[in-house]
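One structure below.
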Amino acid sequence: SKHPWYIISITMGLVLISFVQMSKVTIGFDNIAMLPSNYSVKGVMQRLDKNFGGIQGFDMLVDSEKPNGALDPAFMRKVDEFGKRARELPSITYVFSVVDLLKKMDQILNNENKGSNIPATVDTAAQYLFLLGSSGGGMSMDGLLTSDHSKMRINLTLNTSDSQKVKVIYEQLKVIIVDVFGKDMKQSVGGGLVANVGLLQYIVWGKIQNILLSLLLILLIVSMTYKSFTRGMLSIVSLPIGVIANFGLMGYMGIRLDITTAIITSFAMGMGVDFSIHFLSAVKAEFDKCLDLEKALEKALTGPGVSIAYN
């Protein structure tokens, strides 16, 4: 109460420092890395990623838009070219489609010593598929090719579950898809890792909307309760400061914004408004008794202020 500008200056300094550190906050999550180091499942997942190329990935669907179009040699060459370029990306360990099976069949049946080739005609590719389906146990193509042979599925396996890395790879894949298949080709990329990319984007915009909506609702509720817009503003003025400081600390300590830390920010908002209302109520109650703001602040600080500090 005697040196308010010192308090305001120090607070603004901390806010400015927090703003600088906020720029260092990274967004993303790694479901495996979140597990404790001594948890057995984490070790199994990491060994699978290291020794077997990973267990997660993308599923891509390409549509030729005509029956047997996916078996057209020109179409399959594009799929093959896409696979070669996709394998060059970091963390992609395997790319697999019907084209790989047909090339292997061609190598076995015709050109074993000269490498594998894409079947020269649609009929040849269909015959290879028939052989695959009628051999030993009858291999099913249901998961890789539609029954009318118009759509083909491409599996891409990754050895990472870090959503930041996955998002970068996802954006790179979209560029390769346009380069190889063209803008007019109907295609889509799905799978569990794509859901993680979508969740990553939702965390960012969801958190921004959450903070802004919370501030607005709290302002309205407190203003109506006290019948004063000024008191409503006083109740929420500390909340953005706390949120900025929270993100600044995360940036300084290298803590990523993920599902867990986003929830913590929401908790901080909820607790912050409670503390503001308790403190302002105490100040008002004491001021109504003594009509001395300095004494009212002292009473509020040594009363509910102590509980707030512990909290």
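In this structure, does Leu173 turn out to be out of contact with any Pro (no Cβ under 7 Å at 6 or more places or on another chain) and at pLDDT 80 or above? So Leu173 passes the test.
Which one of Thr260, Thr302 is among the β-branched types (Val, Ile, Thr) and free of Cβ contacts under 8 Å to residues at least 12 places away in the same chain? Show your work before the answer.
Values: Thr260 fails: free of Cβ contacts under 8 Å to residues at least 12 places away in the same chain.
Of the residues listed, the single one that is among the β-branched types (Val, Ile, Thr) and free of Cβ contacts under 8 Å to residues at least 12 places away in the same chain is Thr302.
Listed conditions (1) within 20 Å of Asn155 (Cα to Cα); (2) open to solvent by less than 90 Å² (accessible area, probe 1.4 Å); (3) out of contact with any helix residue (DSSP H, G or I) (no Cβ under 9 Å at 6 or more places or on another chain) are all met by Met60, apart from (3). For Thr160, the conditions (1) in a helix (DSSP H, G or I); (2) among the polar types (S, T, N, Q); (3) at pLDDT below 85; (4) buried (at least 16 other Cβ atoms within 10 Å of the Cβ) all hold with the exception of (1). Within segment 45-74, the set of residues being touching a residue at least 40 places away in the same chain (Cβ under 8 Å) and aromatic (Phe, Trp, Tyr) comprises just one member, Phe58.
Can you tell me which of Phe287, Phe275 is in contact with a helix residue (DSSP H, G or I) (Cβ under 7 Å, 6 or more places away or on another chain) and crowded, with 18+ Cβ neighbours inside 10 Å?
Numbers: Phe287 fails: crowded, with 18+ Cβ neighbours inside 10 Å.
Just a single option satisfies the conditions, and that option is Phe275.
For Gly28, the conditions (1) under 23 Å from Gln172 (Cβ atoms); (2) in contact with an Asp or Glu (Cβ under 9 Å, 6 or more places away or on another chain); (3) modelled with pLDDT of 85 or more; (4) small (Gly, Ala, Ser) are fulfilled apart from (3). May I ask you to verify whether Ser23 is farther than 30 Å from Ile154 by Cβ, among the hydroxyl-bearing types (Ser, Thr, Tyr), open to solvent by 50 Å² or more (accessible area, probe 1.4 Å) and modelled with pLDDT under 85? Criteria not met by Ser23. Candidates are the residues of segment 181-235 that are touching a strand residue (DSSP E or B) at 6+ places or on another chain (Cβ under 9 Å) and part of a loop (DSSP other than H, G, I, E, B); the one that is farthest from Ser150 (Cα to Cα) is Gly191.
Scoring Lys42 on the criteria (1) touching a residue at least 60 places away in the same chain (Cβ under 8 Å); (2) charged (D, E, K, R); (3) touching a Leu at 6+ places or on another chain (Cβ under 7 Å) leaves a single failure, condition (1). With respect to the stated conditions, Leu249 fails to be within 15 Å of the chain's Cα centre (by Cα) and either buried (at least 18 other Cβ atoms within 10 Å of the Cβ) or at pLDDT 75 or above (or both). Condition check for Val175 on (1) loosely packed, with under 12 Cβ neighbours inside 10 Å; (2) within 13 Å of the chain's Cα centre (by Cα); (3) among the hydrophobic types (A, V, I, L, M, F, W, C): one failure, at (2).
Would segment 178-189 turn up any residue that is at pLDDT below 80, open to solvent by less than 60 Å² (accessible area, probe 1.4 Å) and farther than 25 Å from Gly57 by Cβ? No, segment 178-189 contains no residue that is at pLDDT below 80, open to solvent by less than 60 Å² (accessible area, probe 1.4 Å) and farther than 25 Å from Gly57 by Cβ.
Specify which of the listed residues (Ser223, Ser235) is open to solvent by less than 30 Å² (accessible area, probe 1.4 Å), at pLDDT below 80 and within 17 Å of Ser276 (Cβ to Cβ).
Every option except Ser235 fails the conditions.
Of the residues Gly83, Gly43, Gly28, Gly69, which single one is surrounded by 12 or more Cβ atoms within 10 Å (Cβ to Cβ), over 21 Å from Pro119 (Cβ atoms) and touching a Ser or Thr at 6+ places or on another chain (Cβ under 8 Å)? Write out each step before concluding.
Numbers: Gly83 fails: over 21 Å from Pro119 (Cβ atoms); Gly43 fails: touching a Ser or Thr at 6+ places or on another chain (Cβ under 8 Å); Gly69 fails: over 21 Å from Pro119 (Cβ atoms).
Matching residue, one of Gly83, Gly43, Gly28, Gly69: Gly28.
Cβ-Cβ distances below 9 Å connect the following pairs, each with a first residue in segment 78-102 that is closer than 12 Å to Leu156 by Cα and at pLDDT below 90, a second residue that is in a loop (DSSP other than H, G, I, E, B) and open to solvent by 50 Å² or more (accessible area, probe 1.4 Å), and a separation of six or more residues or different chains: Ser91/Asn159; Ile92/Asn159; Thr93/Phe52; Thr93/Asn159.
Counting residues that are under 30 Å from Val197 (Cβ atoms), which helices (runs of 4 or more DSSP H) fully inside segment 236-309 reach at least 2? Ranges flagged: 238-253, 259-290.
The values are calculated or read from the model by the stated rules, or taken from the named source; none is laboratory data. Only a predicted model underlies this, so the values are computations on that prediction, with no experimental measurement involved. Using ideal geometry, Cβ is built from the backbone for each residue, glycine included, and neighbour counts are taken over all protein chains shown. Keep in mind that these areas ignore ligands, DNA and RNA; they rest on the heavy atoms of the full protein, side chains included. Shrake-Rupley method; radii C 1.70, N 1.55, O 1.52, S 1.80 Å.
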